[in-house]
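The values are calculated or read from the model by the stated rules, or taken from the named source; none is laboratory data. Please read these numbers as outputs of a predicted model, since none were measured by experiment. Here the Cβ positions follow ideal geometry from the backbone for every residue, glycine too, while neighbour counts run over all protein chains shown. When the accessible area is computed, the model is the full protein with side chains, heavy atoms only, and any ligands, DNA or RNA have been set aside. Shrake-Rupley method; radii C 1.70, N 1.55, O 1.52, S 1.80 Å.
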Amino acid sequence: LVQGFDRPNIKLSVAARQDGRQQLLDFARRHAGKSGIVYCLSRKKVEDTAQWLASHGINALGYHAGMDAQVRQHHQARFREEEGIVMVATIAFGMGIDKPDVRFVAHLDLPKSMEGYYQETGRAGRDGLPANAWMAYGLGDVVQQKRMIDESEADDAHKRVQTSKLDALLGLCETAGCRRVRLLHYFGETYLRDGVAACGNCDTCLDPPKTWDATEAARKALSAIYRTGQRFGAVHLIDVLLGRETDRVMQWNHNALTVFGIGNELDDTGWRNVFRQLVALGYASPDHTAYGALKDRKSTRLNSSHVKRSRM
């Protein structure tokens, strides 16, 4: 039986990470008594997150390939046989799991690709009943993924493919349109519901994000990246744009730059959104070799035709 890629019973949601653990706890509590999976990239994060959730009343267990085999098998058996278990795991967990009533899948780290995201979220709602796929992400995820790609032993051609996959996933995270449309388009499918390219079952359809013309803000952000030497991350760049005389700003004499204090029309959250959009659109790129510094990826100034209206 050959079917399309659409899983209409799964609600897709992506949130900008602020306090990832607390956001995850709030999400898990909305599914109290239901089975779910939380994916993390590292084994340590799996263990820490499972313990933290358990300490806050969530029936959470950990699972990764480095655990004692008997403990791992015991946790897997409990998840399969009991109700209301939340399994915090690396992507090693899930293959071959025959549990149709998983009500949610959460990603606390950015997956490696759209293929990985689709496969992992697809472990929810296999019984056809409503399920949720939720993900929290930030620029730190992009830096981490870029480092993993650059430091791999793959050849340049493979690294370019992996980078393009990461770019596609960023596009899904930052889109102001329907996430399902974006996801299915990646797999070569066109989605129309009653003649409209909107699914009605993702966060951007159910609660459309506010948008605004960020052309001038993007120019200021790129100018800050360039004038600080393309050596600093978003936190420092935002301090410069907001005119904050922090120790680091003063140490580098960035209070003397023409971009110092020119960004008071936005707050921290607004500027973080702008920088994420610039990365997603390809105008800026994180440099993991410089501790997450942002670089002017295209080495060009924007005009109004180059940038979409940014999500807030």
| Nonlocal amide H pairs with H107, under 5 Å, H built at 1.01 Å | Y39, W134, M135, A136
| query | Who wins for biggest fluctuation among K210, K11, K112 in a Gaussian network model of the chain, springs between alpha carbons below 10 Å? | reply | K210
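Would you kindly calculate the translational diffusion coefficient of region 124-262, applying Stokes-Einstein with the Kirkwood radius from alpha carbon pairs, for 20 °C and a viscosity of 1.002 mPa s, and quote it in µm² s⁻¹ without decimals? Walk me through the numbers before you get to the answer.
Values: Rh = 18.5 Å.
The diffusion coefficient I find is 116 µm²/s.
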| task | Return P(r) of region 15-118 (all Cα-Cα pairs; 10 Å bins starting at 0; whole %; ordered from short to long distances). | result | 15, 53, 31, 2
| So in the chain, what percent of DSSP beta bridges are antiparallel if you round to the nearest 5? | 25 percent
| task | With θ set to phi - 60°, apply the Karplus curve 6.51 cos²θ - 1.76 cosθ + 1.60 along region 183-194 and write out the HN-Hα couplings as whole Hz, x wherever there is a Gly or Pro. | result | 5, 5, 4, 4, 8, x, 10, 9, 9, 9, 10, 6
| What are the residues whose amide H is under 5 Å from the amide H of K11, where those residues sit 5 or more places off or on another chain and H is modelled from the backbone? | A131, N132, A133
| field | Hz values of 3J(HN,Hα) by residue in region 147-160 - Karplus curve (6.51, -1.76, 1.60), Gly and Pro given as x | value | 5, 4, 5, 5, 8, 6, 8, 5, 6, 4, 4, 5, 5, 5
| When the Karplus curve 6.51 cos²θ - 1.76 cosθ + 1.60 is applied with θ = phi - 60°, which whole-Hz ³J(HN,Hα) does each residue of region 45-52 get, with x for Gly and Pro? | 5, 4, 5, 5, 5, 4, 5, 5
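For the chain, with every protein chain kept in place, what is the accessible area per residue (1.4 Å probe, Å²)?
Numbers: 15210 Å² over 312 residues.
With all protein chains present, the chain gives 49 Å² per residue.
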| query | With N residues in region 129-183, what two-decimal value do you get for its Cα radius of gyration over 2.2 N^0.38 Å? | reply | 1.36
| query | Pairing the Cα long axis of helix 268-281 with the longest principal axis of the chain, what angle in degrees results, from 0 to 90 and rounded to the nearest 10? | reply | 80 degrees
| task | Could you name the aspartates and glutamates whose alpha carbon sits less than 19 Å from that of K11, not counting residues in the same chain fewer than 8 places away? | result | D26, D101, D109, E115, E120, D127, E174, E189, D194, D203, D207
| request: Could you state how much accessible area Y186 has, in square angstrom rounded to the nearest 10, with a 1.4 Å probe and all protein chains kept in place? | output: 70 Å²
| message | List the residues, sorted by chain then number, that are 5 or more residues from V86 or on another chain and whose placed amide H is less than 5 Å from its amide H. | response | G36, N59, A60, L61
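So for each of 254-266, 232-244, 32-44, 66-78 I average, over its residues, the number of other beta carbons within 10 Å; can you give me the resulting order with the highest mean first?
Working: 254-266: 15.8, 232-244: 20.9, 32-44: 18.7, 66-78: 13.2.
Those peptides, ordered most packed to least, come out 232-244, 32-44, 254-266, 66-78.
Let me check I've understood the local charge: for E265, count other residues with C-beta under 14 angstrom from its C-beta, Lys and Arg +1, Asp and Glu -1. What total comes out? Walk me through the intermediate numbers first.
Values: positive: R219, K220; negative: D213, E216, D267, D268.
It works out to a net charge of -2.
Counting pairs of alpha carbon atoms under 8 Å apart in space and at least six apart in sequence, what relative contact order in percent does the chain give?
Values: 508 pairs, mean separation 54.4, N = 312.
Computed over the chain, the figure is 17 percent.
Which length gain, in nm to one decimal place, applies between L257 and Q22 when the Cα-Cα distance is subtracted from 0.36 nm times their residue separation?
Working: separation 235, 0.36 × 235 = 84.60 nm, distance 3.72 nm.
So the extension gain works out to 80.9 nm.
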| remark: Carbon/sulfur accessible area of the chain, % of total, 1.4 Å probe, equals 48 percent
| task | For the chain, find the longest principal axis of its Cα atoms and tell me its angle to the long axis of helix 20-29, 0 to 90°, nearest 10. | result | 40 degrees
| note | Rounded to whole angstroms and listed largest first, the alpha-carbon spread of region 78-129 along its three principal axes comes to 30, 22, 18
| request: Take the alpha-carbon centre of region 198-262, take the same for region 164-184, and report the distance between them in whole Å. | output: 22 Å
